[in-house]
Amino acid sequence: MSLDEHTSDSAPLFSDDSEAEGPNGPDAQQHPEEEASGVSRVRAVLIVLTLCYINLLNYMDRFTVAGVLPDIEQYFGIDDGNSGLLQTVFICSYMFLAPFFGYLGDRYNRKYIMSAGILFWSSVTLASSYTPKEHFWALLLTRGLVGVGEASYSTIAPTIIADLYIKEKRTNMLSLFYFAIPVGSGLGYIVGSQVSSATKDWHSALRVSSKRSCLCCHLQCGGRPLNSGALSSISCSFILSTLGFTAVAFVTGSLALWAPTFLYRAAVFTGQKPPCVDEAQCSSSDSLIFGIITVITGLLGVASGVQVSRQLRKKTARADPLVCAAGLLLSAPFLYLAIVCAQTSTVATYIFIFLGETFLSMNWAIVADILLYVVVPTRRSTAEALQIVVSHLLGDAGSPSLIGVFSDSLRKTDSFLWQFRSLQISLLLCSFVAVVGGAFFLFTALFIEKDRNRAEKLRLIWDQPHITITTCSLVL
């Protein structure tokens, strides 16, 4: 076994070797970031900003449909069960294709994989905006195909950030990346509802989303990955944190699709707004307000989660899973109060939603960081894909449709009272799932120290090829 054969398995992040050496050759002194990735500080920041912008558009596109859901229901004449399928088919295709793209991301050029995915995703989003009224199945098909493009991006982007930065800087950059989730989601509601209201046509909202994402398909934001060459066994921390994140996905998936519609039905039930009938344009103010709340709570939640975790790490190495558990357990009662108060006080409902979503958003960046430090670098894309599969399979792949089916089954008549009441009872499931998710993160805290130390030892061994070569020589 030659030295070249062994070191080929730990190729640099970028294919141009001159970039890794720097302007003055391989012996030149590098910045701390360059020691880990071989990429200059400026280019690393530009790469992260590009990834963040694309992730923002990713989630804007994902939740534009939720912002105009009452109009879609009215246009196609569908019930809650079919409405929930719009999110379910997207998540299912996204979920099942994530392992495939995770496998590719660990072995081939990530830049080209993501660029192709973004172009495909924006094209099918644009195609979905031309769905005729008689073919609801075509809208379901195109929403499913959107998941193909997004899977190619979401499984790979965090691993590029992990290759560029280490320790605290990695946590900070991941926080910036995951700010795009709540901010993009909120902007999806806002842009979708307001474009639909301005043009009197919900199709226009999807066209705006597709044009914005298409602008990014040519941007270079990644290079050749670290090739797979080390086996990392799945740790208890990874399994339990993934199950905890599954609860987060279940709750956010349910609220993302149904919260604006629920708030609208509550306003109709209490007489504050007229019902959406015939070809009339449905009120978009609830989607606008919910979108603004999602943006603000996302920023506050992600930032506060990272900051609390950083301070708590000074006292315990179990800080990350404990903060995640606290976020979910604290969100549960506020979400419950938001749902039960909708019929009596709109202001109280929005306040409780604000608090519940803030605590729920504390998890995003921390869960991603847990995965990255309990999994060796050569298996991060695969682990990211596995987490996506599990969290979506048991989380938001089925939760929107499940809530819709429960709502239809509980509805005794098609009156405004039962349209609101059945959906209200169904959404109470979110609070229960949040408590279960908090319990999973508490169990994660029991194993996190041992699993992190184990992954770090494996990484150090892999970073020293001469040790492996000596061992092989002795065996031979």
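Is it the case that some residue within segment 322-342 is assigned to a loop (DSSP other than H, G, I, E, B) and buried (at least 17 other Cβ atoms within 10 Å of the Cβ)? First the steps, then the outcome.
Of segment 322-342, the ones assigned to a loop (DSSP other than H, G, I, E, B) are 341-342.
Now narrow it down to the ones that are buried (at least 17 other Cβ atoms within 10 Å of the Cβ): 341-342.
Yes, segment 322-342 contains at least one residue that is assigned to a loop (DSSP other than H, G, I, E, B) and buried (at least 17 other Cβ atoms within 10 Å of the Cβ).
Between a residue in segment 378-394 that is assigned to a helix (DSSP H, G or I) and any residue that is of a type in the set (Asp, Glu) and open to solvent by 10 Å² or more (accessible area, probe 1.4 Å), which pairs come within a Cβ distance under 8 Å, given they are 6 or more apart or on different chains?
So the pair list comes out as THR378/ASP9.
Condition check: under 26 Å from CYS92 (Cβ atoms), in contact with an Asp or Glu (Cβ under 9 Å, 6 or more places away or on another chain) and open to solvent by less than 20 Å² (accessible area, probe 1.4 Å). Does ALA368 satisfy that?
On the way: under 26 Å from CYS92 (Cβ atoms): yes; in contact with an Asp or Glu (Cβ under 9 Å, 6 or more places away or on another chain): yes; open to solvent by less than 20 Å² (accessible area, probe 1.4 Å): yes.
In short, yes.
Please tell me if PHE441 is in a helix (DSSP H, G or I) and at pLDDT 95 or above. Lay out the reasoning, then the answer.
Values: in a helix (DSSP H, G or I): yes; at pLDDT 95 or above: yes.
Yes: the conditions hold for PHE441.
Return a yes/no flag: does segment 146-164 have any residue that is among the small types (Gly, Ala, Ser) and in contact with a Gly (Cβ under 6 Å, 6 or more places away or on another chain). Step through it out loud before you land on a result.
Narrowing segment 146-164 to residues among the small types (Gly, Ala, Ser): 147, 149, 151-152, 154, 157, 162.
Retained after the next criterion (residues that are in contact with a Gly (Cβ under 6 Å, 6 or more places away or on another chain)): 149, 152.
Yes, segment 146-164 contains at least one residue that is among the small types (Gly, Ala, Ser) and in contact with a Gly (Cβ under 6 Å, 6 or more places away or on another chain).
Does GLN419 qualify as being in contact (Cβ under 8 Å) with a residue 12 or more places away in the chain, polar (S, T, N, Q), closer than 24 Å to PHE179 by Cβ and in contact with a helix residue (DSSP H, G or I) (Cβ under 6 Å, 6 or more places away or on another chain)?
no
Suppose the filter is open to solvent by less than 40 Å² (accessible area, probe 1.4 Å) and under 27 Å from ASP408 (Cα atoms); does GLN87 pass it? Give the steps one after another, and end with the answer.
Values: open to solvent by less than 40 Å² (accessible area, probe 1.4 Å): yes; under 27 Å from ASP408 (Cα atoms): yes.
So GLN87 fits the description; yes.
Tell me, please, whether a residue that is crowded, with 24+ Cβ neighbours inside 10 Å and farther than 20 Å from PRO275 by Cβ can be found in segment 405-421.
No, there is no match, as no residue in segment 405-421 is crowded, with 24+ Cβ neighbours inside 10 Å and farther than 20 Å from PRO275 by Cβ.
Give me the residue from segment 314-324 that is modelled with pLDDT of 90 or more and of a type outside the set (A, V, I, L, M) and, out of that set, farthest from ALA445 (Cα to Cα).
LYS315
Need at least 1 residues that are under 28 Å from ALA267 (Cβ atoms), out of contact with any helix residue (DSSP H, G or I) (no Cβ under 8 Å at 6 or more places or on another chain) and modelled with pLDDT of 80 or more per element, so show me which helices (runs of 4 or more DSSP H) inside segment 1-92 make the cut, counting only ones lying wholly within it.
Working: elements: 3-7, 17-21, 32-37, 41-67, 69-76.
Qualifying helices (runs of 4 or more DSSP H): 69-76.
Out of curiosity, is ILE366 hydrophobic (A, V, I, L, M, F, W, C) and at pLDDT 85 or above?
Spelling it out, ILE366 is indeed hydrophobic (A, V, I, L, M, F, W, C) and at pLDDT 85 or above.
Among LEU402, LEU372, which is in contact (Cβ under 8 Å) with a residue 24 or more places away in the chain and farther than 28 Å from GLY305 by Cα? So that I can check it myself, show each step before the final result.
Working: LEU372 fails: farther than 28 Å from GLY305 by Cα.
Answer to the check: LEU402.
The values are calculated or read from the model by the stated rules, or taken from the named source; none is laboratory data. For clarity, every value in this text was computed on a predicted model and none was experimentally measured. Every residue, glycine as well, gets a Cβ built from its backbone with ideal geometry; the counts of neighbours run over all protein chains shown. These accessible areas exclude ligands, DNA and RNA; they are computed on the full protein's heavy atoms, side chains included. Shrake-Rupley method; radii C 1.70, N 1.55, O 1.52, S 1.80 Å.
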